[in-house]
Amino acid sequence: MKKILAFVFAAALLFLSFYIYQETGKSKTVPEDIKIEAVLKPNNNERMGHKDVMLEVSIEKHSSSRHLIYPYIPGLMHMSFDNEEGQGFYVPTSIGNGPDDERKVADALRAGGVINSSFDDEELTMMGFAGPEEAGSHKLRMYFEAEDVSSLKEMHLVYVHKETGRFGRELGWTKVVKVQPEL
């Protein structure tokens with residue numbers, strides 16, 4: 001009887017351990033929880049008159065999460081934000097990139113067919129920004145200088161979700177979004 005009880009206890013403990021391990025490996029936020037739309041337009045902001053184009057981004061988040069967003073638009077440079085942007089627009093507090101994000105962005109662009117496998121990751125100079133962590137609807141605008149607006153073709157945003165599970169397990173993921181031109 002003791003052997004049967006010990007076997008049942010060991011099996012239950014093993015099952016519980018497996019269940020806990022599986023649950024700690026699931027991201028609280030999945031790509032379907034995040035809806036992103038991005039439109040590249042001519043700049044109509046007088047305060048940012050030195051910039052050629054404006055990228056307007058709408059984010060719908062069903063849960064709170066940390067992330068960085070990286071525009072991949074060859075031909076655009078010098079990303080900036082208007083600190084006095086109108087009401088309802090989020091203005092990031094920092095611009096930069098996170099550890100290992102350039103590799104994640106390059107891998108996401110490759111997987112999405114945006115860049116090919118022979119593309120040299122060293123050519124990517126990714127500059128991203130942290131979006132709002134809170135759930136809900138968010139809008140933001142960023143401004144760029146453009147070498148030649150008519151040559152802008154491959155325009156994408158890469159959303160890099162940041163999440164660490166229990167025991168330090170990496171649960172982050174990426175999502176590539178096509179930018180729609182209205183030039």
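The values are calculated or read from the model by the stated rules, or taken from the named source; none is laboratory data. All of these numbers come straight from a predicted model, not from anything done at the bench. Counting neighbours? That spans all protein chains shown, and the Cβs are built from the backbone with ideal geometry, glycine included. What goes into the accessible areas is simple: the full protein's heavy atoms, side chains included, and nothing from ligands, DNA or RNA. Shrake-Rupley method; radii C 1.70, N 1.55, O 1.52, S 1.80 Å.
Structural remarks
- Hits in the range 54-110 (condition: among the acidic types (Asp, Glu) and either closer than 16 Å to residue 162 by Cα or touching a His at 6+ places or on another chain (Cβ under 7 Å) (or both)): 100, 101, 102, 107
- Subset of the range 148-159 that is touching a residue at least 24 places away in the same chain (Cβ under 8 Å) and closer than 30 Å to residue 33 by Cβ - its residue that is most open to solvent (accessible area, probe 1.4 Å): 154
- Number of positions in the range 149-178 that are part of a strand (DSSP E or B) and closer than 18 Å to residue 124 by Cα: 10
- Residue match in the range 127-147 (condition: free of Cβ contacts under 8 Å to residues at least 60 places away in the same chain and open to solvent by 60 Å² or more (accessible area, probe 1.4 Å)): yes
- Yes/no for residue 104 being touching a residue at least 12 places away in the same chain (Cβ under 8 Å), out of contact with any helix residue (DSSP H, G or I) (no Cβ under 9 Å at 6 or more places or on another chain) and part of a helix (DSSP H, G or I): yes
- The strands (runs of 3 or more DSSP E) located wholly in the range 48-98 that include 2 or more residues which are in contact with a helix residue (DSSP H, G or I) (Cβ under 8 Å, 6 or more places away or on another chain) and not basic (Lys, Arg) occupy 53-61, 66-72.
- With respect to the stated conditions, residue 41 is more than 22 Å from residue 161 (Cα to Cα), among the basic types (Lys, Arg) and part of a strand (DSSP E or B).
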